[in-house]
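Novice: What follows is a structure written as structure tokens; I'll ask about it next.
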Amino acid sequence: MSASSETTVTSVSSLGNDVAVDQEKEERRYGCLGGNRYIVLVIGLFFLSFMLSSIICYNASYVSMVNLHSSPYWEDFIKSNKSIDEINWNDPALPLSQRRFAFDTAQKSLGFAAGFLGAIAAVVPMSRLTARFGCHKVMTLSGIFGTVLVLISPIVISWSFPVFLVLRVLQGITLANLFTTAGVVVNEWAAVNEKGLFISVLSAHVEMGAVFTMPVSGALATSAGWPWVFYLHGAILGALTILWAVYYRDRAVKHPFVQRKEWRKISFGKRLNQVGKGANDTPILKIVSSIVIWGVWIAVIGNFLVSQFSISYAPIYLRGVIGCTPTEAGLLTLIPMACLLVIKFSTGFFSDRIKSISDLTKMKMFNSCALLGSSIFFIILACSSPGRSKVLDVILLSIPMALLGFSSGGYSKCAVMVSGQYSPFVMSIVQIIACSSLMAGSFLVPALTPTDSFSEWQRVFMVYGAVLAITNTIFIVFARAEPAKWAQQKGDLTLAEAVMGCEQKPVESVTDPESGVSRNI
């Protein structure tokens, strides 16, 4: 080969190296060091959390809204011989922050349950819309809708309670897609060896919302007035909706910041025929006839029946039985929720990395720690009369609530592992069951605790203990750790394999001027 030919090849090779270096620099600059999936994970967690918080902020501010002792009319009521119903606590002449409400048991239950009723009714339509238009568009519109509804809630509830119930049902529509969205994000953005982490983080949106809403709402309602609880949650949800709309993409490969190296990690091990599965491709009959999936759904009943206590009734119990102020009740509720989040995140992290125990054993172990452990401590709580030590009372209440964090390594992971690419559909049914359990708790607990005495709450705790033990037993019997037959895929290249195959093709060549032979670079 002549000197000129060697020079040509050398110069082209040098150019190729320069291009590779430039691409590497660009990936470092715009690829967020290969961590875009974690940014999506964090945004998804906070967005889903405040979608839920926009609903439960009413539950958190309820204590202040019905606290008639703080009304300007309380002293006049004490001096008069009138009954509570004869006083207009919601007098239009008062500022919104000073208005109070004398709700009866039916109104109390309906106010809590209406949002979950709306969510149950909207799960199937929202799942269809998500399958057709994608999570990005559907959840962006849900966030905008939810922001407007939570901002107008104080005015509506002061104007008409029946209209407020309609508003709560409409708010429930924004809840209908939370678990489906979590399933989609796990499928599209989690690497195969990171699914446990993604599941634990995204499923924590229930507790994350409560961790913020309960203490902040209690303090804000006491200091600035209960309407500001709704205004604050509306402002935060609006900001997170904008962040979701700008940064999230339905497909990781279409994200402008996801570079080739990160996309390989995300796509490794995922089959080509997994992509583009719509609602019509889902084997619904096979899924609903799977005893393993039914075991997961039954475990959801126990978990979320008790979660209703954590996000709605714990402050009421602390105030009515333990004797805490509304602010103290909100702050003390933070303790078990914070512990639950630590347990949930740790469970997701270690469930992916512990290799000495089989996946099935890990799922059964974590699920038993969550449901059976919580069952045992609720029974202990029911047998322990409060009053001897407020600190001990709060600890006993916190333990069963915190133990539910282990569920992220139990039924939640089982649902994704067994259903594979069809996990969004399975999670949509989880959404229906979760909301049904929350709605059932909205009627069950007020019916069992009309005066908020400890003897009444004993019955609630015994019901919780029994339901948790039964649902955990059913899950343990039928749990599996491998994909179901209808979720198994054979004979297809993975996405990463397909890309690597394409990359093996010559992308550029140089021709020797003397011999006329082309050489690949």
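Novice: Round to the nearest 0.05 the FRET efficiency obtained for residue 70 and residue 482 when R0 = 45 Å and r is the Cβ-Cβ distance.
Specialist: My answer for the efficiency is 0.20.
Novice: To continue, here is another question. In whole percent, how big is the carbon plus sulfur part of the accessible area of segment 173-273, probe 1.4 Å, protein atoms only?
Specialist: After summing per-atom areas, the C and S share lands at 67 percent.
Novice: Given +1 on the Cβ of Lys and Arg, -1 on the Cβ of Asp and Glu, and no further charges, what dipole in debye does segment 114-240 carry about its Cα centre, rounded to the nearest 20?
Specialist: 300 debye
Novice: Same structure, new question: Send over a whole-number figure in Å² for the accessible area per residue of segment 76-151, probe 1.4 Å.
Specialist: With the other protein chains kept in place, segment 76-151 gives 52 Å² per residue.
Novice: Let me ask something else about it. Are there any trypsin sites (Lys or Arg not before Pro) in segment 344-396 that are in a DSSP loop and have at most 11 other Cβ atoms within 10 Å? List them by number.
Specialist: Answer by residue number: 355, 388.
Novice: Enter the per residue convex hull volume of segment 281-486, computed from alpha-carbon coordinates, in Å³ rounded to the nearest integer.
Specialist: In segment 281-486, the Cα hull volume divided by residue count equals 116 Å³.
Novice: How big is the gap, in Å, between the Cα center of segment 379-448 and the Cα center of segment 177-234?
Specialist: Spelled out, the Cα-based centre of one part sits 15 Å from the other.
Novice: Tell me, what is the FRET efficiency for residue 219 and residue 354 to the nearest 0.05, using R0 = 35 angstrom and their Cβ-Cβ distance as r?
Specialist: For residue 219 and residue 354, the calculated efficiency is 0.30.
Novice: Under 21 Å between C-alpha atoms is the cut-off here; go through segment 281-486 and count lysine pairs that meet it, provided they're at least eight residues apart or on different chains.
Specialist: So the count of such lysine pairs works out to 11.
Novice: Given segment 95-197 reduced to its alpha-carbon atoms as identical point scatterers, what log10 I(q)/I(0) does the Debye formula return at q = 0.16, 0.17, 0.19 Å⁻¹?
Specialist: Once normalised to I(0) and log-transformed, intensities are -0.77, -0.83, -0.94.
The values are calculated or read from the model by the stated rules, or taken from the named source; none is laboratory data. Keep in mind it's a predicted model, so treat the numbers as computed, not measured. Note that each Cβ is placed from the backbone with ideal geometry, even for glycine, and that neighbours are counted across all protein chains shown. Note: accessible area is taken over every heavy atom of the protein model, side chains too, but ligands, DNA and RNA are not part of it. Shrake-Rupley method; radii C 1.70, N 1.55, O 1.52, S 1.80 Å.
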